[in-house]
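> Please read through the structure below; I'll follow up with questions.
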Amino acid sequence: MVDRMAGIEDGVILKTVFFTMLAGAAWVLASDYFDLNTAQPGDFAVSPGDPLLPAVERPEIDPDNPAYRPLEHITTPPQQLAEPLTIELVSGGVLMLSGTIVPGAATSFADEIERRGGYVETVALNSPGGSVEDALVIGRLIRESGFHTAVGDGALCGSSCPLVLAGGVRRIVSDSAAVGVHQIYAGAGGDEIGSAQAMSDAQTVSARIARYLEEMGIDPLVWINAMETPPDRLYFLTVDEMEQTQLAAMSDSTAF
């Protein structure tokens with residue numbers, strides 16, 4: 001009985017710590033969200049919309065180790081990644097998603113699954129991310145359909161793309177691919193919003209993402225790395241981080 005109570009208390013403590021971290025990170029995210037909305041696009045040296053963003057500095061890892069220089073792995077030209085998402089059925093039951101996840105991409109994906117979903121086994125990803133809402137919908141459709149997901153040799157899965165990756169029943173990432181996350185970006189310009197509303201929106205989206213990851217069987221703590229990373233950088237996940245959080249297993253080579 002004592003052991004059981006201790007286990008319950010440990011679980012409560014862990015959840016409290018996580019949601020405290022979530023709230024704190026959401027506040028930082030909200031501040032950036034507000035700043036980005038009130039700033040001019042020219043104020044940023046690197047646009048958050050660029051398909052290949054620089055890595056955030058990580059002093060805890062060895063920069064001389066090729067495994068920690070993920071941008072060197074990416075073989076797809078930036079201009080191709082910047083194009084709106086394309087969906088192509090290739091050989092071996094692979095449905096290739098390549099390019100930016102633009103608003104409405106989830107509808108296109110659903111239409112494709114309705115037409116040719118019977119041929120699909122794996123959804124391969126090569127995307128710098130984009131619309132969080134569409135990424136969440138695509139990820140859920142993948143899980144509901146029983147598909148696997150993969151990031152192949154030389155491919156990128158950045159920003160909101162890992163949310164799509166999370167939808168796979170089985171998730172594989174090549175050791176010559178790159179998977180990175182960062183804060184949600186609302187886009188510079190447009191209507192200004194109050195900081196309180198920005199914080200509320202940021203917390204809501206962050207909570208939805210955490211709940212989604214947990215439903216997919218993935219440790220939501222993996223997204224803390226996103227909330228701590230500015231939107232003009234990417235936190236590239238290491239092999240250990242992906243495997244420990246159960247986001248993906250690694251493969252020596254995954255070609256499509």
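The values are calculated or read from the model by the stated rules, or taken from the named source; none is laboratory data. No experiment lies behind these values; they were computed from the predicted model shown. Please note: Cβ atoms are built from the backbone with ideal geometry, for glycine as well, and neighbour counts cover all protein chains shown. Note: accessible area is taken over every heavy atom of the protein model, side chains too, but ligands, DNA and RNA are not part of it. Shrake-Rupley method; radii C 1.70, N 1.55, O 1.52, S 1.80 Å.
> As a test question: what accessible area, to the nearest 10 Å², does Glu83 have when a 1.4 Å probe is rolled over all protein chains in place?
My reading of the accessible area for Glu83 is about 110 Å².
> Tell me, what is the 1.4 Å probe accessible area of Ser200, in Å² to the nearest 10?
Solvent-accessible area, nearest 10 Å²: 50 Å².
> Rank Asp134, Asp252, Asp201 by accessible area, highest first, at a 1.4 Å probe radius?
Correct descending sequence by accessible area is Asp252, Asp201, Asp134.
> What does the charge add up to near Leu125, with Lys and Arg as +1, Asp and Glu as -1, over the other residues with Cβ less than 14 Å from its Cβ?
-1
> Ranked from the most accessible area to the least, with a 1.4 Å probe and all protein chains present, what is the order of Val181, Val102?
The residues order as Val102, Val181, largest area first.
> Something else now. For Ile61 and Ala110, compute 0.36 nm times the residue count separating them, minus their Cα-Cα distance, and round to one decimal in nm.
13.7 nm
> What do you reckon, how do Ile172, Ile101 stack up by accessible area (1.4 Å probe), largest on top?
The ordering from most to least exposed comes out as Ile172, Ile101.
> Once the other residues with Cβ under 12 Å from the Cβ of Ser98 are scored (Lys, Arg +1; Asp, Glu -1), what is the net sum?
With Lys, Arg at +1 and Asp, Glu at -1, the neighbours total -2.
> Quick one: how many Å² of Glu215 are accessible to a 1.4 Å probe, rounded to 10?
100 Å²
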